[in-house]
Amino acid sequence: MKTFNVPVIYRSPLISAVKNRRKQQDKMKKDFTPTLLDLGPLQIYLARHFGFCYGVENAIEISFRTIEENPGKRIFLLSEMIHNPQVNADLQQKGVHFLQDTYGKQLVPFESLTPDDIVIIPAFGTTLEIERQLNTLGIPTEKYNTTCPFVEKVWNRSEQIAQKGYTIVIHGKPKHEETRATFSHAASNAPSVIVNDLQEAMALAAYITGEKEPETFYTAFAGRYSAGFDITRDLQRIGVVNQTTQLASDTQAIADFLKNTIASHYGLTDNNIGERFADTRDTLCYATNDNQTAVTGMLQTPADLAIVVGGYNSSNSTHLVELCEEKLPAYFINSPDKLVSDKDILHYNFHEKQEQLTTGYLPAQLPVRILLTSGASCPDALVEGVIRRLASFYQAEALLDSLTVSLL
């Protein structure tokens, strides 16, 4: 796979050494057990896969190269390039301005842009409407486009099944940049609708079977269906695609439920289900799938707690926390500084959407066993920072340094 020129500040000698060794030992990526960093009183289990994915590294390389190659020019990002506060802050320090916030609220009017300005499209992609608006202003959106190839794969697959007469059902968070972009691309080719979770998929299924009155759909799914959507016509043939950072298991559960609903309602079997339901399993992002599977594998290891490092508005990081919460106490942090001390941790409660301080998060009994992973937009340097901070609580820095040397 291609390697990218990512700023060294995001790299970690320790994490790179761990990842390289695991890659050599398991080239086919079939072993999802974690890597043990044995620091005596502290035992840290690193997930098999975590951190920057292909799409994120691609976006970072393009963005920093664009800054270097265009001194003196005004450079804008359409919105946050990725959901990581450190990377976005670094770009802003280099003079990059955000045109919109993560929810699409305008921060800098498009009308203030000139053809001499540069606008970088983030890894999530953008809507066709915004692309046209920027192009009208004389700004070529294709030149500095960092859209993840796996997001574009979802768009392409949507177009393919749209040409065969299928309606597109998008599993995604309606306000997320990627979902908005995918909806725009899908809706340009076929009737489209967004479902946030299995509950909403079940509600949608009730319109397929006729259990719900058609007219109630337009209120229940307000703002999440394409123009001209006809509930009595447009759910007879469907295909499910996803926001790539959603839980793969959730997307599959939604697809399976809708597939079974279609099969039962129309009396279809596995042999002819394709007449009304498109197979889109190939749109699941490999990195999201690997990171989630790695967490599932990591959770088989007995431990006291789990720590997930990532941006608080990072969808894929949040889903890793969700998986960990099912088994043991899980703490979501965005930097090593959130490990306030060996007593206190300042972590993000994504259910309540706020940080909270927890005291006594580390058990007294030794050794302390911690599961550790990070989201796809989190630099490895932050993960090493968390490891070093934890090691300092147990006077294990020297052990960590010798372990790093032995791995290199």
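Before moving on, here are some points about what is shown:
- Relative contact order of the stretch 261-338, pairs being alpha-carbon contacts under 8 Å that are 6 or more residues apart, as %: 26
- Pairwise Cα inverse-distance average, inverted: Kirkwood Rh of the stretch 185-280 (Å): 13.8
- When each of the peptides 337-350, 162-175 is scored by how many other beta carbons lie within 10 Å of its residues on average, the order from highest to lowest is 162-175, 337-350.
- Alpha-carbon centroids, the stretch 264-301 and the stretch 82-135: separation in whole Å: 33
- Tilt relative to the chain, helix 315-325 - C-alpha long axis, 0 to 90 degrees, to 10: 60
- Take every pair of alpha-carbon atoms less than 8 Å apart whose residues are at least six positions apart; their mean separation over the length of the stretch 1-158 yields a relative contact order of 20 percent.
- Relative contact order of the chain, taken over Cα pairs closer than 8 Å and 6 or more residues apart, is 22 percent.
- Straight-line reach from LYS19: taking Cα to Cα under 20 Å and skipping same-chain neighbours fewer than 8 places apart, the aspartates and glutamates in range are ASP31, ASP38, GLU57, ASP290, ASP380, GLU384, ASP401.
- Ellipsoid equivalent to the stretch 257-364 - semi-axes via the Cα gyration tensor, in Å: 40, 14, 13
- FRET efficiency estimate (nearest 0.05) - Cβ-Cβ, ASP38 to ASP101, R0 60 angstrom: 0.90
- Nonpolar atom fraction for the chain, defined as the carbon and sulfur part of the 1.4 Å probe accessible area, stands at 50 percent.
- Centroid-to-centroid, using Cα positions, the stretch 216-246 and the stretch 1-61 are 38 Å apart.
- Exposure rule at most 13 other beta-carbon atoms within 10 Å, DSSP loop GluC sites (Glu not before Pro): the chain longest free segment: 1-141
- In the chain, the DSSP beta bridges split such that about 30 percent are antiparallel, to the nearest 5.
- Per residue Cα convex hull volume in Å³ - calculated over the stretch 97-220: 125
- For the stretch 81-208, the solvent-accessible area of protein heavy atoms averages 41 Å² per residue (probe radius 1.4 Å; ligands and nucleic acids excluded).
- Dividing the helix sum by the residues of the chain, where each DSSP H run of 4 or more adds -39500 (n - 2.57), gives a mean residue ellipticity at 222 nm of -12000 deg cm²/dmol.
- Table column - 3J(HN,Hα) (Hz), the stretch 286-293, Karplus curve with 6.51, -1.76, 1.60, x for Gly and Pro: 5, 5, 4, 5, 4, 5, 5, 5
- In this simple spin-label approximation, GLU352 and LEU328 carry label points 7 Å from Cα along the Cα→Cβ vector, and these lie 2.4 nm apart.
- Legend: distances between Cα atoms for LYS23/LYS173; LYS29/LYS343; LYS175/LYS353; LYS173/LYS353; LYS2/LYS143; LYS153/LYS259; pairs beyond 25 Å are LYS23/LYS173; LYS29/LYS343.
- Å³ per residue enclosed by the Cα convex hull of the chain: 157
- Per-peptide average of other Cβ atoms within 10 Å, ordering 360-373, 97-110, 278-291 highest first: 278-291, 360-373, 97-110
- Probe 1.4 Å, accessible area per residue of the stretch 279-406, Å²: 41
The values are calculated or read from the model by the stated rules, or taken from the named source; none is laboratory data. Everything numeric here is computed off the predicted structure, so don't read it as measured data. Neighbour counts are summed over all protein chains in view; Cβ atoms, including those assigned to glycine, are modelled from backbone coordinates with ideal geometry. These accessible areas exclude ligands, DNA and RNA; they are computed on the full protein's heavy atoms, side chains included. Shrake-Rupley method; radii C 1.70, N 1.55, O 1.52, S 1.80 Å.
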